[in-house]
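A quick write-up on the structure given underneath.
The values are calculated or read from the model by the stated rules, or taken from the named source; none is laboratory data. It should be emphasised that the depicted structure is a prediction, and the values quoted were computed from it without experimental measurement. Glycine also receives a Cβ, built like all others from the backbone with ideal geometry; neighbour counts cover every protein chain displayed. Heavy atoms of the whole protein, side chains included, go into the accessibility calculation; ligands, DNA and RNA do not. Shrake-Rupley method; radii C 1.70, N 1.55, O 1.52, S 1.80 Å.
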Amino acid sequence: MDPQLDVSPTAHSWLGPPIDARPLFVPEHAALIATLRGLTPADWGREAVPGWSVRDVVAHVLGDCYGRLARHRDGHWEGGGEGRREGGREGRREGGREGHQERRREGHQERRREGRREGRREGPAFAPGEDLPAYIHRINQQWVDAHSRVSPAALTDTLELIGGQVARLFAESDPAAPSLGVSWAGADPAPMWLDSARELTEYWTHRQQIRHATGQRTDPDPRLLSVVLDTFLRALPHTLREIAAPAGTQVRIHVTGPAGGTWSATAGGTWSATAPGGGNWSLAGPADGHPAALVRLDAETAWRLCVRGIEPADALTRAEIEGDHQLAEAACRIVSIVY
């Protein structure tokens with residue numbers, strides 16, 4: 001579960017030790033461009049996720065990069081970027097509660113009002129009756145459709161340039177600064193260290209989707225996969241938020257292999273006092289002792305479960321479980337994308 005940052009405790013301490021994903025954007029971006037340069041013309045038309053080809057996924061990643069530069073480098077919020085950040089294509093529904101969705105939509109609408117007062121153009125608005133997940137997926141699709149005339153070569157060239165700028169942006173970011181929310185971890189706003197780590201998982205996951213679509217296996221590089229897994233598992237307290245358990249109850253997930261590690265969520269106690277929405281679980285509790293439930297997963301199963309490449313029931317058939325099976329089943333409902 002390395003690398004991690006030496007950042008002073010904050011209100012987000014229940015998320016566990018901060019992660020430093022900043023040095024990994026350059027190698028991840030280089031790996032993505034190398035993958036795209038190695039594709040055949042036929043590969044670009046293969047389905048990467050339901051409804052989207054490899055070309056579509058690449059266009060979506062380019063949109064993510066443009067959005068990140070616009071908001072965090074240029075201070076440009078036109079285009080309704082509030083929710084779109086978390087809109088991947090391997091999972092189509094929002095994981096948060098309805099109240100959380102409504103607060104985020106209200107925040108988006110307030111930014112639109114501020115933009116009008118300041119004379120800025122407005123971006124896409126919510127359609128009547130549209131919730132946040134539907135809005136995210138709609139504007140993602142609009143971006144992909146708008147780029148249907150852009151050739152694979154042009155997409156790759158543009159992504160190489162813009163993605164490189166994003167990598168430099170993250171390299172210079174302040175990990176302790178407040179940033180965009182991460183709904184699947186229950187943090188809104190989230191610290192930049194979590195937002196940037198989430199962003200790395202977005203790029204990494206889309207690269208694996210492209211690899212799988214073109215007959216390649218998951219990239220096993222533990223430098224990247226270990227941080228991806230560490231980031232995904234920060235969703236564990238939020239996953240367990242509605243599970244009532246005595247203080248000190250521990251649920252542990254152990255991922256095997258060189259990129260794996262161990263994550264222990266503990267119920268109650270002072271370490272969970274700052275968890276959002278009345279959540280009672282924290283990754284800041286003691287990691288020793290005997291857990292009430294232990295789930296062992298291989299790395300491939302773990303990351304695919306977190307992005308719903310496989311369903312919890314399938315993951316449970318591949319898992320080794322010790323202790324309370326109900327708690328283990330609850331832990332395997334983890335999801336680390338908008339879903």
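Some observations on this one:
- Taking all protein chains into account, the per residue accessible area for the stretch 143-295 stands at 37 Å² (1.4 Å probe).
- Shape call, the stretch 227-272: gyration tensor on alpha carbons, a/c limit 1.5: prolate
- For the stretch 161-210: rounded, prolate or oblate by the Cα gyration tensor [a/c cutoff 1.5]: oblate
- Across 161, 169, the residue with the most accessible area heads the list, and the full order at a 1.4 Å probe is 161, 169.
- Heavy atoms of residue 322 accessible to a 1.4 Å probe, total area in Å² rounded to 10: 80 Å²
- FRET efficiency for residue 298 and residue 34, using Cβ-Cβ distance with R0 set to 35 Å, rounded to 0.05: 0.85
- Overall shape: oblate for the stretch 162-287, with the ratio a/c of the largest to smallest alpha carbon gyration tensor axis at 1.5 or above and b/c at least equal to a/b.
- Ranked from largest to smallest solvent-accessible area, with a 1.4 Å probe on the protein heavy atoms, 73, 217, 296 come out as 217, 73, 296.
- Distance in nm between pseudo-label sites at residue 73 and residue 176 (7 Å out along the Cβ direction from Cα): 2.6 nm
- Taking 335, 251, 150 and ordering them by how much accessible surface each has at a 1.4 Å probe, largest first, produces 150, 335, 251.
- Distance (nanometres) between label positions extended 7 Å along Cα→Cβ at residue 42 and residue 149: 2.9 nm
- Stretching residue 26 away from residue 11 to a fully extended chain increases their span by 2.4 nm, per 0.36 nm per residue minus the current alpha-carbon distance.
- Electrostatic bookkeeping for residue 204 treats Lys and Arg as +1 and Asp and Glu as -1; over the other residues with beta carbon under 10 Å from its beta carbon, the sum is -4.
- Take the Cα of residue 326, step 7 Å toward its Cβ, do the same at residue 168, and the gap between the two points is 5.6 nm.
- Length gained on full extension, residue 318 to residue 256: 21.1 nm, using 0.36 nm per residue less the C-alpha separation.
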